[in-house]
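Colleague: Have a look at the structure that comes next, please.
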Amino acid sequence: MRVLIADDEKNIRRTVADYFALEGIECEEAENGLSAQKSLAEEHFDGLVVDLRMPGMSGLELLDWLQQEGRSIPTIMISAYGEIRDAVAAMKAGAADYVTKPFDPDDLLIRLTRSVEDDRLRRLASLDREAGPELESESSSMRKVLELAGKVAPTDSTVLITGESGTGKEVLARRIHESSTRADSPFVPINIGGIPEQLIESELFGHEKGAFTGADARKRGMIEVASGGTAFLDEIGDMPLHLQVKLLRVLQEHRIQRLGATTSIPVDVRFIAATNADLEARVADGRFREDLFYRLNVIRIKLPPLRERPEDIPLLARHFLSTMRERTGSRVTAISPEAVRALQSYRFPGNVRELENMIERAVILAEESELTAADFDLPEAGGAEGRGRGRPGAASSPRGTLREIERAAIEQALYRNEWRRQQTADELGITRRTLLNKIKDYGLEEDLS
Ligand SMILES: Nc1ncnc2c1ncn2[C@@H]1O[C@H](COP(=O)(O)OP(=O)(O)OP(=O)(O)O)[C@@H](O)[C@H]1O
Ligand SMILES: [Mg+2]
């Protein structure tokens, strides 16, 4: 991070620059508004610390100039005691926050890093940048998934996609199909769990005229419809046992036999199956054939639940904001950083689908162009529902000594932020150094598993 500090008092500049340097923040100093303006015109800064009163060009004038230039840099104003009204004016002119002299450099640092992070979240979740495509991701777990999907896409391998409900299994299956050589042929989703059991067979394999009462014409099955393309077998765990053998034969021989037919016909179909059930457990208790399981499980892709990839929430939110806008013409173009944070600490049992529905609802009900936390129907942060992302030790209402609670809180925050120290410190509202001390003090070790 690079910061410009503009103050006519050398002492203040030095103190701040030295303190920031300890935290790994690079500081450039300017002794008045004009020289700050010059630096800003020539270089990039992630944040700005500006004294309100400076000879020549004041902090407020500097902010005005930035605004005219159409630039927005997270800025903390330094005001003297008794200048509160000016500080308020500074906030109106676009400053993110202010501190009053004499100030604690640590307090300044916290406010600045928070504003820079807010600015980042705001940009990620707003529509002034073009909305990203589906499956754009900032999280390492999801990037691994996409990398694997990219590798298997061009092959004809069977893929088994697992993951909780709403994690995007169908979206991923489509993406694999679209990046394959079969992209110009159909992608046919078949929701096995959604078809009445007695109809599954004819839906999948088709039937001849007269195969059963009511079969008054020959009908092609979904697998045949997918010829040349991809059949997506959704909820494969719901496949009745007696049909599992038949499906296995199709997978092995690439031929299907319509119901009531005496001969089989060749089909050229790639299969992608998905399930949110534990197939291994179903194999163990005899509800799923082991041979079919192995035939499907050639390449397995596990989609992580949304609560394990909160980094993706701003991007997904922006994506849904943009689709909602196309559909409804709504005026909403952004989500406040505070709302993004609230979303990031929610568990999302319904995963991406739940986020999508939440945004839709918020967009429809919103009164302003920026959604705030109040526009989302989220459980109170800190309540039993909103907190606790599973491992390690998800506590609803924490018990124990203060030290134990603090240790658990830090451990969970580290886990949430994938052990990124600065990000974790920002979330906890402490400096990176304080965090490092506490990690050492509590003997917290990165779990590399
Ligand atoms: N990465 C993503 N980018 C954009 N939209 C997504 C993404 N992942 C999921 N969605 C959206 O979330 C919703 C749920 O996704 P999808 O239907 O693929 O989930 P699923 O895992 O198949 O769920 P289920 O197990 O309930 O069938 C869909 O509306 C989908 O468009
Ligand atoms: Mg699905």
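Coordinate-derived values only; no laboratory data. All values reported here derive from a predicted model rather than from experimental measurement. For neighbour counting, all protein chains shown are included, and Cβ atoms are generated from backbone atoms with ideal geometry for every residue, glycine included.
Colleague: Among the listed pairs Lys169/Lys219; Lys144/Lys246; Lys10/Lys440; Lys10/Lys38; Lys151/Lys302; Lys144/Lys169, give every one whose C-alpha distance is greater than 25 Å.
Modeller: Listed pairs above 25 Å: Lys169/Lys219; Lys144/Lys246; Lys10/Lys440.
Colleague: D for region 140-302, whole µm²/s, Stokes-Einstein with Kirkwood Rh over alpha-carbon pairs at 20 °C and 1.002 mPa s: what number?
Modeller: Values: Rh = 16.2 Å.
Estimated diffusion coefficient is 133 µm²/s.
Colleague: Could you run the Debye sum over the Cα atoms of region 1-48, one equal point scatterer each and no solvent, and tell me log10 of I(q)/I(0) at q = 0.27 Å⁻¹, two decimals?
Modeller: Each listed q corresponds, in turn, to -0.99.
Colleague: Over all directions, average the projected area of the Cα convex hull of region 2-124 and note it in nm². All intermediate terms of the calculation are to be shown ahead of the outcome.
Modeller: Working: hull surface 27.3 nm².
Result: a mean projected hull area of 6.8 nm².
Colleague: Continuing with the same structure: So for region 306-375, what are the equivalent ellipsoid semi-axes in whole Å, largest first, each being the square root of 5 times an eigenvalue of the Cα gyration tensor?
Modeller: Working: eigenvalues 71, 32, 20 Å².
Calculated on Cα positions only, the semi-axes equal 19, 13, 10 Å.
Colleague: Something else now. Spin-label point model (7 Å from Cα, Cβ direction): what's the Arg220 to Glu404 distance in nm?
Modeller: Roughly 6.6 nm, to one decimal.
Colleague: Related question: Just the projected area, averaged over all directions, of the convex hull on the alpha carbon atoms of region 168-263: how many nm²?
Modeller: Numbers: hull surface 26.7 nm².
If I average the Cα hull's projected area over directions, I get 6.7 nm².
Colleague: Right, here's the next one. Given only helices, namely DSSP H runs of n ≥ 4 each adding -39500 (n - 2.57), what is the per-residue ellipticity at 222 nm of the chain, to the nearest 500 deg cm²/dmol?
Modeller: Working: 18 runs with 197 residues, N = 449.
Taken over the chain, the calculation gives -13500 deg cm²/dmol.
Colleague: Longest segment of the chain with no chymotrypsin sites (Phe, Trp or Tyr not before Pro) in a DSSP loop having at most 12 other Cβ atoms within 10 Å?
Modeller: Working: sites that count: Tyr81, Phe212.
Result, exposed sites excluded: 213-449.
Colleague: Enter the per residue convex hull volume of the chain, computed from alpha-carbon coordinates, in Å³ rounded to the nearest integer.
Modeller: On the way: hull volume 85.5 nm³, N = 449.
Dividing the Cα hull volume of the chain by its residue count gives 190 Å³.
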